[in-house]
Structures are given as C-alpha cells and as structure tokens.
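Participant: Just dropping this structure here.
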2 protein chains.
Amino acid sequence: MAVAVSRVPETCRAAKRAARLLARADTAVKDGALEAIALALEERCEEILAANELDMAAGRRAEIGEALLDRLRLDDGRVRGIARAVRQVAALADPVGEVIDGHRLPNGLDVRKVRVPLGVVAVVYEARPNVTIDAAALCLKSGNAIILRGSSSAGHSNLALARIASEAAVSAGLPEGSVSLVAGGGREELAELATQRGSVDLIIPRGGESLKEALQAVATVPVIYAASGNCHVYVDRGAELEMAERIVLNAKVQRPGVCNAAETLLVHEQLAEEFVPRLVAALTGAGVLVRADAASLVLAAGVGGALVEPATEEDWDTEYLAPVIALGLVGSVEEAIEHIARHGSGHSEAIVTGDAVAARAFQLGVDAACVYVNASTRFTDGGEFGMGAEIGNSTQKLHARGPIGLRELCTFKYLVEGDGHVRT
Amino acid sequence: MAVAVSRVPETCRAAKRAARLLARADTAVKDGALEAIALALEERCEEILAANELDMAAGRRAEIGEALLDRLRLDDGRVRGIARAVRQVAALADPVGEVIDGHRLPNGLDVRKVRVPLGVVAVVYEARPNVTIDAAALCLKSGNAIILRGSSSAGHSNLALARIASEAAVSAGLPEGSVSLVAGGGREELAELATQRGSVDLIIPRGGESLKEALQAVATVPVIYAASGNCHVYVDRGAELEMAERIVLNAKVQRPGVCNAAETLLVHEQLAEEFVPRLVAALTGAGVLVRADAASLVLAAGVGGALVEPATEEDWDTEYLAPVIALGLVGSVEEAIEHIARHGSGHSEAIVTGDAVAARAFQLGVDAACVYVNASTRFTDGGEFGMGAEIGNSTQKLHARGPIGLRELCTFKYLVEGDGHVRT
C-alpha cells in the first residue's frame, strides 16, 4: 500500500514522519526518486489513461462542458509531458543546505543561515490532474513531504498518478508517506487538513475564489494563497506607440485565462487621441471586448463597434480571465499608480514609457509582486524567472511573493557554533 | 492632533496612506525622524513620567504585584535608555532598496528582487511601555507605518510615548499616520485590528499565550507569533563536563524569564553517573528546582535535596520561565533529537559535545529556528545576531524564523525591465 487513503490526521502524521527523513535525504537520492517517478509514469501510462477515462466518462455524464473536459483529459502525449516536467525539476539546483547568509559574531560565535525544507506541504487543487505530479516533484526536490487533495472530478486520475509517484519514490529510497493523497473531495476533508497544526506546515490552494474563501474560513495552519491577478498595463505619455501596442496585445491576448494576463489598460490622456483608436482597433480586431470609461469611450466607439462598451465601476475590480479589457484614461503616472493602488491585486503591473523619471516613479510607487517597465505582465512565472518551475504565484507579502519555486518551499534555520560560549 | 484615537478602521486607513509615502522616504529622512524622536523623549521626559505615574498608581490600587509594577515603571534612566535604543536603530543599515537577487534572463529581461517595506505593521503588546518606542523605531526605519495597541494597564504611558513619537516623526517630515495608537485595550479593538485586510499587512503580538489564542481565533490579516520557547540543552556523551556545566547554568540561570532560556536538560546516559550529581549540585546551588525523570532521579536526589522532584509527563512540554528545569536521560543523540521533535517549540536547541558526528547529526536533525553546538541557547536575539535589534522572536517557519529584525519587517518585489519584451 503506497498511497494513504486513511483518515486525514493519520495521513498527516505519516507525512510528518516522512518529512523528518526527507529533510536529510541527499540530492542524488531525491533526483533518483524523481527519475523513477518519470520512468514509472511512462511505463504505467495505460493504467493512468484507464483511470482518466473513468473521470472523463463521469464528466461527460455530468455534462461539465468541453473546457473542463479538456482540462481533465490525459493522453499519451500529456503523460509524457508530465514525465518530462519531472525530469526538469530533477535537473534544478537543490535549495536545501544552501547557505543564505553567514558571519562570525564579535564574540567568536559562527552563525550560518541555512535553507531547510518546510516539512509537510499540502497542495489543494482543482481539475487538472497533472498538478498531482508537478506539485509532488517540486515538494520532493525541496525535501518536503506532500499531501495532495485534488477535486473529486479527477479522483481516479489523481489516485493513479499519486499511487505511481508514491510507489516509485519509495522504491528509489524515499520514506513511505513522502507522497500521499487525501481521498474524498469534500469540504470536511479540507477543513480537517487545514487544521492539522503540528503536522502540516503549509497549505497551498490552487483554485478559484470559492476554494480560497473556504480555506480562509477554517485554516489554522499557514496558507499561501496563489491568488488572482488584476493586472494593469499603463501606457505613459512617453511611450513608443508600436511597443505599447505590442505589449498590451501580448498581455491581454496571448493567453487571457491566466493570472498574469492584463485586465485593465490605463492610457495617459495626452496620448489618448492618437493611441486609443489605434489600440482599440487592434484589440477588437483580436476579438477583445473593450469596456471603456467615459473619456476613452468617445475615442473608442467609432473604431471598435459592438466590441466597445461603457465601463462601470465594477470593471476596475474585475479579473475577467477572458478576452475582455477595461480601458481608462489617467492624467499622470501618479494617477496611474493611485488607480492601481486602489484596484490592483498586487500581482503584476506594467508601465510602457520612454521616460526614465516616469519609469522610476512607477517602480517605486506600485506595490505589487512584479513591476514591469516596457515588458508584458505575462512574464510573471517561475519558469520565465529562471526558478525552473513554480507551484503557483503568491500575491501575499509574507514569505513568498510572486512565483513560488523550490526556494519558496523552504524555510531556514540558524546554525550556531561556539566553543563553550555563554551569554554575559 | 498627532496620535489617532479614532476608531480602528479609520486609524488603519490613515496608516495605509502614510505607509505609501513612508515606503519612498529616504534613509536620511527616516534617520532624522528617529533622532527627533530620541530628542523629544529626552526633552519631554517629565510628561512621560507624569503619565507613567498615573499607570503606576492605578497598578498599585489594583495590586498587580511588584514584578508587574517594575515592568510598568519608567524613570529618568529608563527613558534615556529608550532614547538610546532609538538612536541605535537609526544607526543600522536601511533594509529598503537592498537588492536581494538579480539577473538577466535568457531573453534579455533584467530582473531585480528588491527589498521593500511591508506597509502597515500592527504591534500588540503587554505591560512594558518601552515597547511602544522600540517597535515604532524598528517599523519607521524599515519604512513601515506602525499601529500600536498596548495593554490598558500602561495606557497613559503608551499614549504619552506614542504621541511624542508621532509628533516628532511628523515634525521631521514623515507623514501623519506613521505612528498611531489604538486606544482601548479591549478584545473588540483587537478583533477589529486583526481583521483589517487591505490596510494592515502584518500583526505581531508580543505577549503571553492568552493573547496568542485570542488572535488565532479572529485574525484574518497575517500574524507572526513571537511565540514561546521550550528550549533544550542536550549534553552528549562526548561533552567536556566543565563546558557543559557552564552552558547549562547560563542557559537556565542567567535570565530564566525569557523565551531563549533552557527548560529541559537532556543528558546522555553514559555520562549520567559522573555528570548528573555535579550538575544538579550546581543547579540547585543556584536555586534551581530540578524535576528529574526516573533514571536521573536516583542520581540527583542525594545531591539536590528538597530542590529535586520527580518529573511528570507534563514537564517535558512546560515553559517554566522560572528557575525550574526538567532533567531526563537519553541513550543517544538520535534519542535526544526525537525528544526535542516531540516536545520542543522550534525556538532554540543546543548540543554540548566534542564529537563532530553527533554535532552534525544534531544540526541536521533538529527542526528549530536556532540550533547551537557548544553554546548557550541564550544567544537567540536580534542584537546578539548582529541584526541590531529585534521586535520579537518567531518560531514560525514562514517569512521570519528566529529574530525579527529590520529585514524581516520587509517584503520584496521583482522589478523587471525590458525594451518591449512580449511573451511568445
């Protein structure tokens, strides 16, 4: 029996026991386990696809819709892709044992601040079964035991994937309990998981607002919310129009359904007459619905036709995750900063400008995980940032802000060495 | 009117507005404000002492006891000491703007990870009025607005100190709302403060377990608990006895009422016959009550007399904060690590040994903020660690672990610069 289907507290305690051994596992052993997982996924692909077909059939019966079915679907190519991602994580540098800081105190004590695993990380996720393996790979590489709790709609797929990962990890020398799955997708299990102080060190929810709210109401263990992104692009007076158009289109259109896509476009009013018609033509030409404030509406309406609508106050706070963008005019970079302070979610914010003073004001004044100058918000991503992979994006300020990679799955401890030092 | 005595949400919103300006305040301006505060404390000492006398009189009437009265008491020397501490914080390096990490991505984007203030930090504290100023100095230096909420027993003192700090800060060019005090020490204000999402970025409670529990029940804003320390000293088989005795005595006796004092002593059983009587003589000679497990009791009883008692299971989990120590024998360093994993609070743990293998096993195996080899646990302290000062000690694993200094009062943001970069 590799995957725990026992009750939540037992699963968590077993994970805690595993975590104490995992924290001391050598990099080579952890990397070997990841390779074993990748290999097992490839070798046992049929088993995975058979389990997935059970979920797909249930999904079709429940008429969950083509988009959700596609998120749920596994095939040969996708399973190979998951295995490839595991090997990529294995190739990353091990964060454990890294000396973050160190010095000798005036009294001769040597202090080193050393990165160590958090312990037990619980990942709560919806729909896409590949998260089962992606999250497990990141946690194991960073020396953490992982407890997975997926949605019931992907229950068979998740169970097959977690079982294969757990068995492969144990066969490669990692402790039993390193990977476990909490069966049962009910809110009771979630509440139980979120209150295991002393065994669960962190919960990371990956899902929509309802999951976040459910956790906020009950969690007593630390949570990092991989939260929503209400991202802005501000096109400053000093912007080069061709560059501005390219960045806005990329930030909105390249992949509208993700948290680092732009949701609001702010344009300096001195630029509006020339730029708004041009940009609205480009956006609506790409199928984007533009919800314009009063000042920009007059410039946009003639160009965008039915794809231009008046914005309401609500638009400034809406994460569309769809080909829709709010458009407003501002009188200065300060006004843009002010708008973002009021409506932004602290995820990713961009300015397009040729003006160094405006760029610096924006960087200093905007309080967000990632602040861009002349680049698309779409780069906020652990892979893009050179972290190799990420388990989500944090808009919190404590511990992890922005992409949550291997280092962010760790804490640290101070190792202090003396030769009989006492305090006077 | 410098100190807000308005309702909690208004105070928090004003602090948030101040925080946005404070985040961009130059180091020279912040240091100037700290000097102005130090000076004002010295110049307005009489006003402070008059306010303090009101609290002291009320404390005497309420018969709160000599220990609490002493914690509450201010005099000329203590006020000068508080001013001196403010100047020490001013002399520390400014954490804001520090580049933590930075590199050029393969696509040419430049990414810098830069330290920035958290925003609004609320500090909830009991009894000692000096915390009002200590905490304010650390928050202002790190570019944060501070909201103070002290206990009602020190209400007059805290109000006088906060008013002086706020007025001095504003006179030196910091924004109104940089320092504010929530009047009223009731649980309602605490609950209100702990739920101001969007304006309060962090709450740090400094106080006993009841304060911690009250916060845990209601807080929706992030909290870092400056928690209790159930610290251990393990004397290994390979220890030099003279060094072991010195360290144990220091860890227990030098200042028993603090969180980094030792509460349990574990001794390797091969050492017990020689070491336990010697150590128990020293401890009881220093007035320490020893609560010994069955195996050590026979060795300790003849030496310590009435100051030796049998330990119960409860002793292993008790933070005495008093001249009492639990004593147990273990068969190996692994057994010591196991005991600490079961009963420790993750604060500070020490091994005394001459054996390099045991020392390494202890450092790797113990999961705590600070792990000591051949040194007293008493060194866990921001000042001792070279951070200059601390606002508390965290036993959490996320964000801050160990001393909470200026850097730990900050978060970071990624500043990304390109020249029209879009994601493909």
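Only the coordinates and a few stated rules stand behind these numbers; no lab work does. As the structure is a computational prediction, the values presented were derived from the model and not from experiment. Note that we place each Cβ from the backbone using ideal geometry, even for glycine, and neighbour counts take in every protein chain shown.
Participant: So what is the relative contact order of chain A, in percent, for Cα pairs below 8 Å that sit 6 or more residues apart?
Facilitator: 18 percent
Participant: What are the distances, in nm and sorted shortest first, from the label point of A:Val357 to the label points of the same position in each other copy, with each label point placed 7 Å from Cα along the Cα-to-Cβ direction?
Facilitator: 7.0
Participant: Alpha carbon centre of segment B:369-424 versus segment B:207-259: separation in Å?
Facilitator: 19 Å
Participant: Another one. Suppose R0 equals 60 Å. What FRET efficiency, 1/(1 + (r/R0)^6) with r the Cβ-Cβ distance, do B:Asp355 and A:Val357 give to the nearest 0.05?
Facilitator: Efficiency for this residue pair is about 0.45.
Participant: By a straight-distance test (C-alpha under 19 Å), which lysines pair with B:Lys141 as possible cross-link partners, with residues fewer than eight away in the same chain excluded?
Facilitator: Result set, ordered by chain and number: A:Lys397, B:Lys16, B:Lys30, B:Lys413.
Participant: Sticking with this one: Under the definition of partner shielding as Cβ atoms of other protein chains within 10 Å of a residue Cβ, what is the mean value for peptide A:361-373?
Facilitator: Shielding by partners across A:361-373 averages 5.
Participant: Could you work out the Rg to Rh ratio of chain A, with Rh taken as the Kirkwood radius (inverse of the mean 1/r over all Cα pairs)?
Facilitator: Taking Rg over the Kirkwood Rh, I get 1.03.
Participant: Taking segment A:231-379 on its own, what percent of its Cα-Cα pair distances exceed 25 Å?
Facilitator: Everything past 25 Å amounts to 15 percent.
Participant: Identify the residue of chain A whose Cβ lies closest to the rotation axis that maps chain A onto chain B, and give that distance in whole Å.
Facilitator: A:His399, 2
Participant: Something else about it: DSSP beta bridges in the protein assembly as shown, what fraction antiparallel, as a percent rounded to 5?
Facilitator: Here the antiparallel bridges make up roughly 25 percent for the protein assembly as shown.
Participant: Report the calculated FRET efficiency for B:Arg255 and B:Ala91 (r = Cβ-Cβ distance, R0 = 25 Å), to the nearest 0.05.
Facilitator: Efficiency at R0 = 25 Å is approximately 0.50.
Participant: Oh, and also: Please sort by residue number the GluC sites (Glu not before Pro) in segment A:1-101 whose DSSP state is loop and whose Cβ has at most 11 other Cβ atoms within 10 Å.
Facilitator: A:Glu63
Participant: Using 7 Å Cα-to-Cβ label points, what is the B:Thr27/A:Ser210 separation (nm, one decimal)?
Facilitator: 5.1 nm
Participant: Shifting gears a bit: How far apart are the B:Glu53 label points across copies, placing each 7 Å from Cα toward Cβ, in nm, shortest first?
Facilitator: The projected label point of B:Glu53 is separated from its counterparts by 9.0 nm.
Participant: If I model a spin label at A:Glu63 and B:Thr424 as a point 7 Å from the Cα along the Cα→Cβ vector, what separation in nanometres do I get?
Facilitator: With each label point 7 Å from Cα toward Cβ, the separation is 4.4 nm.
Participant: Just need the relative contact order of segment A:321-423 here, percent rounded to a whole number, with Cα pairs under 8 Å and 6+ apart.
Facilitator: 19 percent.
Participant: Distance between the C-alpha centers of segment A:52-87 and segment B:53-79? Whole Å please.
Facilitator: After rounding, the separation between the Cα centres reads 68 Å.
Participant: Find the centroid of the Cα atoms in segment B:290-332 and in segment A:105-133, then give the distance between the two in whole Å.
Facilitator: The distance from the Cα centre of segment B:290-332 to that of segment A:105-133 comes to 35 Å.
Participant: Moving to a separate point now. Can you list the equivalent-ellipsoid semi-axes of the protein assembly as shown, largest first and in whole Å, using the square root of 5 times each Cα gyration tensor eigenvalue?
Facilitator: For the protein assembly as shown, the semi-axes come out at 47, 38, 22 Å.
Participant: In percent, what relative contact order does segment A:231-379 have, based on Cα pairs under 8 Å that are 6 or more apart in sequence?
Facilitator: This gives 33 percent for segment A:231-379.
Participant: List every residue whose amide H lies under 5 Å from the amide H of A:Thr220, counting only residues 5 or more places away in sequence or on a different chain, with H placed 1.01 Å from N in the peptide plane.
Facilitator: Counting only residues 5 or more places away or on other chains, the set is A:Thr195.
Participant: Return the distance in nm (one decimal) between the two label points of a simple spin-label model at B:Leu105 and B:Glu334, each offset 7 Å from Cα along Cα→Cβ.
Facilitator: 4.7 nm
Participant: Oh, and also: Once phi is turned into ³J(HN,Hα) by the Karplus curve 6.51 cos²θ - 1.76 cosθ + 1.60 with θ = phi - 60°, what whole-Hz value does each residue of segment B:259-266 show in order, with x for glycine and proline?
Facilitator: For segment B:259-266, the Karplus-derived couplings read 6, 9, 7, 6, 10, 9, 10, 10 Hz, x marking Gly and Pro.
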